[in-house]
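Step one of this worksheet: look at the structure below.
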Amino acid sequence: MVGSTPVFLLVTSRRTGRWIFPKGRLSEGMEPWQSAEREAYQEAGVKGVVDPVPAGSFRTWKTRGVRRFAIEVDMYPFRVEHQLEKWRETGERHRHWAIRSEVARLILEKRLVELVEIVAARVGGTQVAAADEINA
């Protein structure tokens, strides 16, 4: 949190190094928001409380080997309560806290930036990591 301005936690993707929000596949036996919470922990080393109601969804591309395909991703607001110094993917990713204007410069997907605005309005002055969950 910067004053009363919400800040967002970004991580780098492992393959390209671009800034993204933590995301991953739905896990069997877990609710989507629980999967999002797990991914935020694994990819960014944060613990907290996930809003079980997604802020919305966006379409992006996933690459596996030489295949590229569209995926639908739900974004869940995540109030960060604890940030680990070392976590599962420490050596594979960088993390960065950013205010909305910086997120808009660093994130490539326009719809995702729109969802950041929705999350910011929803959480007010809270530290958040928008955890995404792939509906694939």
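The values are calculated or read from the model by the stated rules, or taken from the named source; none is laboratory data. The structure displayed is predicted, hence computed values, not measured ones. Methodologically, a virtual Cβ is constructed for each residue, glycine included, from the backbone with ideal geometry; neighbour enumeration extends over all protein chains shown.
Numbers below:
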| quantity | calculated |
| --- | --- |
| Selection within the range 59-73 - within 15 Å of the chain's Cα centre (by Cα), over 16 Å from Ser13 (Cα atoms) and without any contact (Cβ under 8 Å) to a residue 60 or more places away in the chain | Arg59 |
| Where a residue in the range 104-121 is farther than 23 Å from Gly17 by Cα and in contact (Cβ under 8 Å) with a residue 24 or more places away in the chain and its partner, wherever it lies, is assigned to a helix (DSSP H, G or I) and not hydroxyl-bearing (Ser, Thr, Tyr), with Cβ under 8 Å and at least six apart | Ala120/Arg100 |
| Selected residue [among the aromatic types (Phe, Trp, Tyr) and more than 24 Å from Leu108 (Cα to Cα)] from Trp33, Trp87 | Trp87 |
| 2 or more residues crowded, with 17+ Cβ neighbours inside 10 Å, in contact with a Phe, Trp or Tyr (Cβ under 9 Å, 6 or more places away or on another chain) and at pLDDT below 90: qualifying helices (runs of 4 or more DSSP H) within the range 18-136 | 110-123 |
| All positions within the range 8-17 that are modelled with pLDDT of 90 or more and either assigned to a loop (DSSP other than H, G, I, E, B) or of a type outside the set (Phe, Trp, Tyr) (or both) | Leu9, Leu10, Val11, Thr12, Ser13, Gly17 |
| Candidates Ala55, Ala98, Ala36, filtered to the one that is within 20 Å of Thr16 (Cβ to Cβ) and of a type in the set (A, V, I, L, M, F, W, C) | Ala98 |
